[in-house]
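Structure record follows, encoded as C-alpha coordinates.
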(Lines give C-alpha, C1' and ligand atoms only; values in the text may rest on other atoms or scores of the structure.)
Protein backbone atom coordinates (compact mmCIF):
# COMPACT_ATOMS: atom_id res chain seq x y z
CA UNK A 1 0.00 0.00 0.00
CA UNK A 2 1.39 3.37 -0.98
CA UNK A 3 1.72 5.65 2.04
CA UNK A 4 0.02 9.03 2.04
CA UNK A 5 3.00 11.09 3.14
CA UNK A 6 6.30 11.33 1.30
CA UNK A 7 9.07 13.86 1.86
CA UNK A 8 7.31 16.39 -0.40
CA UNK A 9 4.27 16.43 1.91
CA UNK A 10 6.05 17.98 4.88
CA UNK A 11 5.85 21.72 4.25
CA UNK A 12 7.96 24.12 6.28
CA UNK A 13 5.79 26.13 8.67
CA UNK A 14 2.84 23.74 8.72
CA UNK A 15 1.50 22.62 12.10
CA UNK A 16 -0.91 19.88 13.00
CA UNK A 17 -2.42 18.26 16.06
CA UNK A 18 -1.38 14.71 16.89
CA UNK A 19 -4.26 13.65 19.10
CA UNK A 20 -4.50 12.92 22.81
CA UNK A 21 -3.36 10.17 25.17
CA UNK A 22 -4.30 9.33 28.73
CA UNK A 23 -1.26 8.77 30.95
CA UNK A 24 -2.12 5.39 32.43
CA UNK A 25 -0.81 4.90 35.97
CA UNK A 26 -0.02 1.20 35.56
CA UNK A 27 1.75 1.72 32.24
CA UNK A 28 3.68 4.65 33.72
CA UNK A 29 4.92 2.63 36.69
CA UNK A 30 5.68 -0.45 34.55
CA UNK A 31 7.76 1.66 32.15
CA UNK A 32 9.69 3.19 35.03
CA UNK A 33 10.23 -0.17 36.75
CA UNK A 34 11.78 -1.45 33.53
CA UNK A 35 13.82 1.56 32.49
CA UNK A 36 13.93 4.36 35.07
CA UNK A 37 13.24 3.04 38.58
CA UNK A 38 14.00 6.28 40.43
CA UNK A 39 11.81 6.46 43.54
CA UNK A 40 9.72 9.42 42.32
CA UNK A 41 8.72 7.34 39.26
CA UNK A 42 7.85 4.04 41.00
CA UNK A 43 7.22 4.54 44.73
CA UNK A 44 4.05 6.44 45.65
CA UNK A 45 5.14 7.22 49.23
CA UNK A 46 8.65 8.31 48.25
CA UNK A 47 7.23 10.41 45.42
CA UNK A 48 4.81 12.11 47.81
CA UNK A 49 7.68 13.04 50.11
CA UNK A 50 9.82 14.31 47.19
CA UNK A 51 9.92 17.78 45.67
CA UNK A 52 7.41 16.47 43.07
CA UNK A 53 4.69 15.79 45.65
CA UNK A 54 3.56 12.60 43.90
CA UNK A 55 4.44 10.11 41.18
CA UNK A 56 5.66 11.58 37.90
CA UNK A 57 6.33 9.89 34.56
CA UNK A 58 9.85 9.17 33.45
CA UNK A 59 10.72 11.75 30.81
CA UNK A 60 11.55 8.80 28.53
CA UNK A 61 8.04 7.47 28.96
CA UNK A 62 6.68 10.84 27.85
CA UNK A 63 8.98 10.69 24.81
CA UNK A 64 7.75 7.15 24.08
CA UNK A 65 4.09 8.20 24.38
CA UNK A 66 4.71 11.11 22.00
CA UNK A 67 6.45 8.74 19.59
CA UNK A 68 3.31 6.60 19.58
CA UNK A 69 1.20 9.69 18.92
CA UNK A 70 3.49 10.52 15.98
CA UNK A 71 3.09 6.97 14.64
CA UNK A 72 -0.69 6.99 14.89
CA UNK A 73 -1.19 10.50 13.53
CA UNK A 74 1.10 10.37 10.46
CA UNK A 75 4.26 8.29 10.63
CA UNK A 76 2.73 4.85 10.00
CA UNK A 77 1.08 6.30 6.90
CA UNK A 78 4.34 7.80 5.64
CA UNK A 79 7.36 6.61 3.69
CA UNK A 80 9.47 6.88 6.85
CA UNK A 81 13.09 5.77 6.71
CA UNK A 82 13.84 6.30 10.38
CA UNK A 83 15.53 9.11 12.25
CA UNK A 84 19.12 10.13 12.88
CA UNK A 85 18.22 11.82 16.16
CA UNK A 86 16.46 14.43 18.23
CA UNK A 87 17.63 17.52 20.07
CA UNK A 88 16.54 20.02 22.69
CA UNK A 89 14.36 17.52 24.54
CA UNK A 90 12.96 19.62 27.41
CA UNK A 91 10.93 18.09 30.22
CA UNK A 92 9.32 21.36 31.19
CA UNK A 93 6.73 20.24 33.76
CA UNK A 94 5.98 16.90 35.42
CA UNK A 95 3.56 14.52 33.69
CA UNK A 96 1.39 12.70 36.21
CA UNK A 97 -0.84 9.60 36.20
CA UNK A 98 -4.30 10.48 34.96
CA UNK A 99 -3.07 13.42 32.88
CA UNK A 100 -4.24 13.61 29.29
CA UNK A 101 -1.49 14.84 27.03
CA UNK A 102 -1.86 16.22 23.53
CA UNK A 103 0.84 17.10 21.05
CA UNK A 104 1.37 19.34 18.09
CA UNK A 105 4.00 19.11 15.38
CA UNK A 106 5.44 21.93 13.31
CA UNK A 107 7.75 21.43 10.34
CA UNK A 108 10.83 23.61 10.88
CA UNK A 109 13.11 22.69 7.98
CA UNK A 110 13.14 20.37 5.01
CA UNK A 111 15.74 19.46 2.44
CA UNK A 112 16.38 16.73 -0.06
CA UNK A 113 19.53 14.69 0.40
CA UNK A 114 22.29 15.65 -2.01
CA UNK A 115 24.07 12.31 -1.79
CA UNK A 116 20.87 10.21 -1.77
CA UNK A 117 18.33 12.00 -3.97
CA UNK A 118 15.63 9.42 -3.21
CA UNK A 119 15.53 10.65 0.36
CA UNK A 120 14.68 13.88 2.12
CA UNK A 121 15.17 15.06 5.69
CA UNK A 122 12.55 16.93 7.67
CA UNK A 123 13.17 18.77 10.95
CA UNK A 124 10.12 18.97 13.19
CA UNK A 125 9.29 20.55 16.54
CA UNK A 126 6.90 18.71 18.83
CA UNK A 127 5.12 20.46 21.67
CA UNK A 128 3.28 18.49 24.34
CA UNK A 129 0.59 19.95 26.62
CA UNK A 130 -1.44 18.55 29.50
CA UNK A 131 -5.19 18.83 30.09
CA UNK A 132 -4.66 22.27 31.65
CA UNK A 133 -2.91 23.46 28.48
CA UNK A 134 0.39 23.65 30.31
CA UNK A 135 3.42 22.93 28.17
CA UNK A 136 4.99 19.76 29.60
CA UNK A 137 7.58 18.85 26.97
CA UNK A 138 9.15 20.12 23.77
CA UNK A 139 11.66 18.54 21.43
CA UNK A 140 12.98 18.87 17.92
CA UNK A 141 14.10 16.07 15.68
CA UNK A 142 14.92 14.80 12.24
CA UNK A 143 13.00 12.34 10.11
CA UNK A 144 14.08 10.70 6.87
CA UNK A 145 11.43 10.09 4.22
CA UNK A 146 11.37 8.69 0.71
CA UNK A 147 10.92 11.24 -2.04
CA UNK A 148 7.69 10.57 -3.96
CA UNK A 149 9.25 11.12 -7.35
CA UNK A 150 13.04 10.67 -7.22
CA UNK A 151 13.23 11.44 -10.95
CA UNK A 152 12.51 15.12 -10.33
CA UNK A 153 15.58 17.31 -10.56
CA UNK A 154 17.39 18.11 -7.32
CA UNK B 1 19.96 5.60 53.58
CA UNK B 2 22.28 8.39 52.50
CA UNK B 3 23.17 8.09 48.81
CA UNK B 4 26.80 7.88 47.76
CA UNK B 5 26.69 10.58 45.09
CA UNK B 6 25.75 14.20 45.64
CA UNK B 7 26.30 17.12 43.29
CA UNK B 8 29.88 17.56 44.56
CA UNK B 9 30.80 14.04 43.40
CA UNK B 10 30.37 14.72 39.69
CA UNK B 11 33.72 16.17 38.60
CA UNK B 12 34.08 17.82 35.22
CA UNK B 13 36.18 15.68 32.89
CA UNK B 14 35.65 12.40 34.71
CA UNK B 15 34.49 9.38 32.71
CA UNK B 16 33.20 6.04 33.82
CA UNK B 17 31.79 2.86 32.35
CA UNK B 18 28.11 2.10 32.94
CA UNK B 19 28.10 -1.66 32.32
CA UNK B 20 26.59 -3.75 29.57
CA UNK B 21 23.13 -4.83 28.47
CA UNK B 22 21.94 -7.51 26.08
CA UNK B 23 19.36 -6.20 23.61
CA UNK B 24 16.60 -8.74 24.10
CA UNK B 25 14.57 -9.44 20.95
CA UNK B 26 11.25 -9.91 22.74
CA UNK B 27 11.69 -6.77 24.84
CA UNK B 28 12.73 -4.83 21.74
CA UNK B 29 9.64 -5.85 19.78
CA UNK B 30 7.32 -5.34 22.78
CA UNK B 31 8.67 -1.81 23.30
CA UNK B 32 8.17 -0.98 19.64
CA UNK B 33 4.67 -2.50 19.55
CA UNK B 34 3.73 -0.21 22.43
CA UNK B 35 5.46 2.97 21.41
CA UNK B 36 7.01 2.90 17.93
CA UNK B 37 5.31 0.29 15.71
CA UNK B 38 7.07 1.23 12.48
CA UNK B 39 7.49 -1.91 10.36
CA UNK B 40 11.29 -2.05 10.64
CA UNK B 41 10.91 -2.22 14.44
CA UNK B 42 8.17 -4.86 14.69
CA UNK B 43 7.89 -6.90 11.47
CA UNK B 44 10.78 -9.25 10.69
CA UNK B 45 9.92 -9.67 7.00
CA UNK B 46 9.31 -5.97 6.37
CA UNK B 47 12.52 -5.12 8.23
CA UNK B 48 14.47 -7.60 6.11
CA UNK B 49 13.18 -5.94 2.94
CA UNK B 50 13.94 -2.43 4.26
CA UNK B 51 17.17 -0.44 3.99
CA UNK B 52 18.05 -1.78 7.47
CA UNK B 53 18.15 -5.43 6.33
CA UNK B 54 16.55 -6.68 9.53
CA UNK B 55 14.81 -5.62 12.73
CA UNK B 56 16.31 -2.63 14.53
CA UNK B 57 15.49 -1.18 17.94
CA UNK B 58 13.44 1.97 18.26
CA UNK B 59 15.85 4.76 19.13
CA UNK B 60 13.63 5.43 22.14
CA UNK B 61 14.18 1.89 23.34
CA UNK B 62 17.92 2.44 23.15
CA UNK B 63 17.49 5.65 25.18
CA UNK B 64 15.39 3.72 27.71
CA UNK B 65 17.99 0.95 28.00
CA UNK B 66 20.72 3.54 28.54
CA UNK B 67 18.56 5.22 31.19
CA UNK B 68 18.38 1.89 33.02
CA UNK B 69 22.18 1.53 32.76
CA UNK B 70 22.49 5.03 34.28
CA UNK B 71 20.14 4.05 37.11
CA UNK B 72 21.98 0.84 37.93
CA UNK B 73 25.48 2.27 37.65
CA UNK B 74 25.07 5.47 39.69
CA UNK B 75 21.74 7.27 39.61
CA UNK B 76 19.84 5.08 42.11
CA UNK B 77 22.70 5.62 44.56
CA UNK B 78 22.66 9.39 44.07
CA UNK B 79 20.71 12.34 45.44
CA UNK B 80 19.01 12.75 42.05
CA UNK B 81 16.32 15.40 41.69
CA UNK B 82 15.38 14.55 38.11
CA UNK B 83 16.34 16.08 34.80
CA UNK B 84 15.21 19.12 32.82
CA UNK B 85 16.15 17.50 29.53
CA UNK B 86 18.61 16.05 27.07
CA UNK B 87 20.07 17.29 23.81
CA UNK B 88 21.95 16.09 20.75
CA UNK B 89 20.49 12.58 20.87
CA UNK B 90 22.12 10.90 17.87
CA UNK B 91 21.13 7.44 16.71
CA UNK B 92 24.37 6.81 14.86
CA UNK B 93 24.01 3.15 13.88
CA UNK B 94 21.20 0.60 14.18
CA UNK B 95 20.91 -1.44 17.38
CA UNK B 96 19.82 -5.00 16.64
CA UNK B 97 18.41 -7.91 18.64
CA UNK B 98 21.20 -9.90 20.26
CA UNK B 99 23.56 -6.92 20.37
CA UNK B 100 25.27 -6.19 23.66
CA UNK B 101 25.53 -2.48 24.27
CA UNK B 102 27.79 -0.73 26.73
CA UNK B 103 27.85 2.90 27.72
CA UNK B 104 30.24 5.45 29.11
CA UNK B 105 29.47 8.73 30.80
CA UNK B 106 31.63 11.84 30.92
CA UNK B 107 30.89 14.90 33.03
CA UNK B 108 30.98 17.96 30.76
CA UNK B 109 29.87 20.81 33.02
CA UNK B 110 28.75 21.34 36.58
CA UNK B 111 27.42 24.31 38.49
CA UNK B 112 25.54 25.00 41.66
CA UNK B 113 22.17 26.66 41.33
CA UNK B 114 22.23 30.36 42.23
CA UNK B 115 18.53 30.52 43.05
CA UNK B 116 18.39 27.14 44.82
CA UNK B 117 21.74 26.68 46.58
CA UNK B 118 20.75 23.22 47.82
CA UNK B 119 20.85 21.96 44.26
CA UNK B 120 23.45 21.61 41.53
CA UNK B 121 23.20 20.83 37.84
CA UNK B 122 25.50 18.45 36.01
CA UNK B 123 25.81 18.15 32.23
CA UNK B 124 26.88 14.69 31.06
CA UNK B 125 27.69 13.09 27.73
CA UNK B 126 26.75 9.44 27.24
CA UNK B 127 28.31 7.32 24.50
CA UNK B 128 26.88 3.92 23.63
CA UNK B 129 28.78 1.19 21.76
CA UNK B 130 27.87 -2.26 20.50
CA UNK B 131 29.82 -5.52 20.90
CA UNK B 132 31.97 -4.57 17.88
CA UNK B 133 32.94 -1.28 19.58
CA UNK B 134 30.94 0.67 17.02
CA UNK B 135 29.41 3.88 18.34
CA UNK B 136 25.63 3.41 18.10
CA UNK B 137 24.32 6.40 20.07
CA UNK B 138 25.44 9.57 21.78
CA UNK B 139 23.53 12.11 23.82
CA UNK B 140 24.08 14.90 26.30
CA UNK B 141 21.83 15.82 29.16
CA UNK B 142 21.32 17.59 32.42
CA UNK B 143 20.85 16.10 35.87
CA UNK B 144 19.84 17.88 39.07
CA UNK B 145 21.38 16.68 42.32
CA UNK B 146 21.21 17.71 45.97
CA UNK B 147 24.29 19.46 47.28
CA UNK B 148 25.87 17.42 50.10
CA UNK B 149 26.44 20.40 52.34
CA UNK B 150 24.15 23.30 51.40
CA UNK B 151 25.69 25.39 54.20
CA UNK B 152 28.92 25.84 52.23
CA UNK B 153 29.25 29.24 50.61
CA UNK B 154 28.17 29.55 46.98
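The values are calculated or read from the model by the stated rules, or taken from the named source; none is laboratory data. Since the structure is predicted, the reported quantities are computational estimates derived from the model, not experimental observations. So basically every Cβ, Gly included, is an ideal-geometry build from the backbone, and we count neighbours across all protein chains shown.
Assorted remarks:
- Note on the range A:76-115: residues that are over 17 Å from residue A:133 (Cα atoms) and either under 11 Å from the mean Cα position of the chain (by Cα) or modelled with pLDDT under 95 (or both) amount to 5.
- Among the residues of the range B:80-109, the ones that are crowded, with 19+ Cβ neighbours inside 10 Å and in contact (Cβ under 8 Å) with a residue 60 or more places away in the chain come to 9 in all.
- Meets criteria (more than 12 Å from the chain's Cα centre (by Cα) and over 20 Å from residue A:76 (Cβ atoms)) for residue B:9: yes
- Of all the criteria given as (1) facing chain A (nearest Cβ under 8 Å); (2) buried (at least 23 other Cβ atoms within 10 Å of the Cβ); (3) closer than 19 Å to residue A:62 by Cβ; (4) in contact with a strand residue (DSSP E or B) (Cβ under 9 Å, 6 or more places away or on another chain), the one not satisfied by residue B:40 is (3).
- Selection of the range B:43-67 for residues being in a helix (DSSP H, G or I), more than 10 Å from chain A (Cβ to nearest Cβ) and surrounded by 16 or more Cβ atoms within 10 Å (Cβ to Cβ) yields B:47, B:62.
- Residues (crowded, with 16+ Cβ neighbours inside 10 Å and within 11 Å of chain B (Cβ to nearest Cβ)) located in the range A:27-37: A:27, A:31, A:32, A:34, A:35, A:36, A:37
- Here residue A:131 meets each of (1) more than 14 Å from chain B (Cβ to nearest Cβ); (2) surrounded by fewer than 17 Cβ atoms within 10 Å (Cβ to Cβ); (3) closer than 26 Å to residue A:8 by Cβ with one exception, condition (3).
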